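Below is one structure, written out as structure tokens, with a few remarks after it.
The values are calculated or read from the model by the stated rules, or taken from the named source; none is laboratory data. None of these values were measured; they are calculated from a predicted model. Glycine also receives a Cβ, built like all others from the backbone with ideal geometry; neighbour counts cover every protein chain displayed. Ligands, DNA and RNA are excluded from the accessible area calculation, which covers all protein heavy atoms including side chains. Shrake-Rupley method; radii C 1.70, N 1.55, O 1.52, S 1.80 Å.
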Amino acid sequence: MHSDNPDLFNLAMSEKARPLMDAVMAHIQQNVVPISEEFEALDAEKEDRWSWHPRQLELLDGAKAKAKESGLWNFFLPDSEFGEGLSNLDYAYIAAELGKYPLASETLNCSAPDTGNMEVLERVGTAAQQEKWLKPLLNGEIRSAYAMTEPGLPSSDAKNISTSAVLENGEWVINGEKFYISGAGDPRCKIMIVMVKTSPDAAPHKQQSQILVPKDTPGVEILEGMEVFGEDHAPRGHMHIKFNNVRVPEENILLGEGRGFEISQLRLGPGRIHHCMRTIGKAEKALELMVKRGGSRNAFGKQLIKLGGNLEKVSRARIEINAMRLSVLQAAKAMDVLGNKEARVYISAVKAMVPEKACQIIDDAIQIHGATGVSQWTPLASLYADIRHLRFADGPDEVHHMVVGRNEVQAHGLW
């Protein structure tokens, strides 16, 4: 880590981004908070779990239209002709606020996995690929998915990916199985970026490619939505998909054969850190709920907050959140100053730290709520499930610790 670089300690939001931050906060209060309760309640009225209620789409589209009118659209794309040209550092501040409100990111077209997919298409897509897929994604007209993880092998080492793509008469023929493909259940999802093995005889890092596969291509078989702690998150879903002789045109490959790893590195910097930023917002929400619950209930003649070690838990949560926030801001700054590749140690450090600490804070908030903490009456149970899965969804903790630890040992010439 380049900890001696003074630029990495200047973590203030730029003056240019402050009006944008104010506008985002206003948008959340005026256009997101007022629709959230109705949006959630409509789930109970749907005939098909794997669809959206027409009124839900109406509410979302209304909020998206207001965001567009205010110029709050696609600002996650750094240094881009399509986005606001925000630095990663500036976006970090905004994403932490978005994390507090489940619908906020989507109303601003800043949701995963679309953000990562748009970034890939913007950087490496051909003009034709951009016209067909990037444009409607940038306009918020469709959604997308990223298909990498496979059920039969440890996908934390992407070299293991076995879904094959073979070139036949100008078409890629894809066969294999993927699971936990987030967002693929959404009826608005039209395009998937699929990680495949195209060159089994090449060097290990040159065997994989990424190919654009429209969801409605014959042979794409969606088997079921995988559950996360018993929730299937319909209609977005985390789908189990089989690719049975799926044929797409040769030109659907991204960047070229054998360049899948290169694209992964490009995608995983910003995409990974966006999760961390939003997670800090969620930890803040949990702390707020912890304090309000503990301060408003009495037992054994005292406020709950003053019983046992609860006050210390609040203190530790605040200290951890501040430490997480500073670390994430520094990782974002490292991406701006050093570039994604050089910043990877900073990115791995926050990926190892943030979900683990946030899980502990949410767990403490659950405890102070008693049985209510694991019920549908608070957002804490779903918050916990959401953050707990990040500890392997964006690369397991162990891989991130390996990156940071190895870097430390190498600095002393002992690797």
**OP:** May I ask you to list pairs of residues, at least six apart or on different chains, whose Cβ atoms are under 7 Å apart, with the first in the stretch 387-415 being under 18 Å from MET148 (Cβ atoms) and the second being of a type in the set (Ser, Thr, Tyr)?
**Re:** LEU390/THR279; GLY395/SER156; PRO396/SER156; VAL399/SER156; HIS400/SER348
**OP:** Consider GLU288 carefully, then state whether it is open to solvent by 50 Å² or more (accessible area, probe 1.4 Å), more than 28 Å from ALA104 (Cα to Cα) and over 19 Å from the mean Cα position of the chain (by Cα).
**Re:** no
**OP:** Can you give me the number of residues within the stretch 12-37 that are more than 18 Å from ALA96 (Cβ to Cβ) and either buried (at least 17 other Cβ atoms within 10 Å of the Cβ) or aromatic (Phe, Trp, Tyr) (or both)?
**Re:** 2
Original post:
List the pairs whose first member sits in the stretch 235-253 and is without any contact (Cβ under 8 Å) to a residue 40 or more places away in the chain and under 16 Å from LYS197 (Cβ atoms), whose second member is open to solvent by 50 Å² or more (accessible area, probe 1.4 Å) and among the β-branched types (Val, Ile, Thr), and whose Cβ atoms are under 9 Å apart, counting only residues at least 6 apart or on separate chains?
Top reply: none
**OP:** Give GLU342, GLU356 a once-over and let me know the one that is charged (D, E, K, R), at pLDDT below 95 and surrounded by fewer than 23 Cβ atoms within 10 Å (Cβ to Cβ).
**Re:** GLU342
Original post:
Based on what the data block shows, is ALA334 of a type in the set (Gly, Ala, Ser) and at pLDDT 95 or above?
Top reply: no
Subject >> Tally, over the stretch 22-56, of residues that are under 21 Å from GLY281 (Cα atoms) and in contact with a Gly (Cβ under 7 Å, 6 or more places away or on another chain) >> reply: 0
Subject >> Residue count for the stretch 173-206, restricted to those that are in a loop (DSSP other than H, G, I, E, B) and surrounded by fewer than 20 Cβ atoms within 10 Å (Cβ to Cβ) >> reply: 7
Original post:
Which of the residues spanning the stretch 110-169 are touching a strand residue (DSSP E or B) at 6+ places or on another chain (Cβ under 9 Å), at pLDDT below 90, assigned to a helix (DSSP H, G or I) and under 30 Å from GLU97 (Cβ atoms)?
Top reply: GLY116
Original post:
If only one of GLY170, GLY230, GLY219 is under 12 Å from PHE243 (Cβ atoms) and either of a type in the set (S, T, N, Q) or open to solvent by 20 Å² or more (accessible area, probe 1.4 Å) (or both), which one is it?
Top reply: GLY219
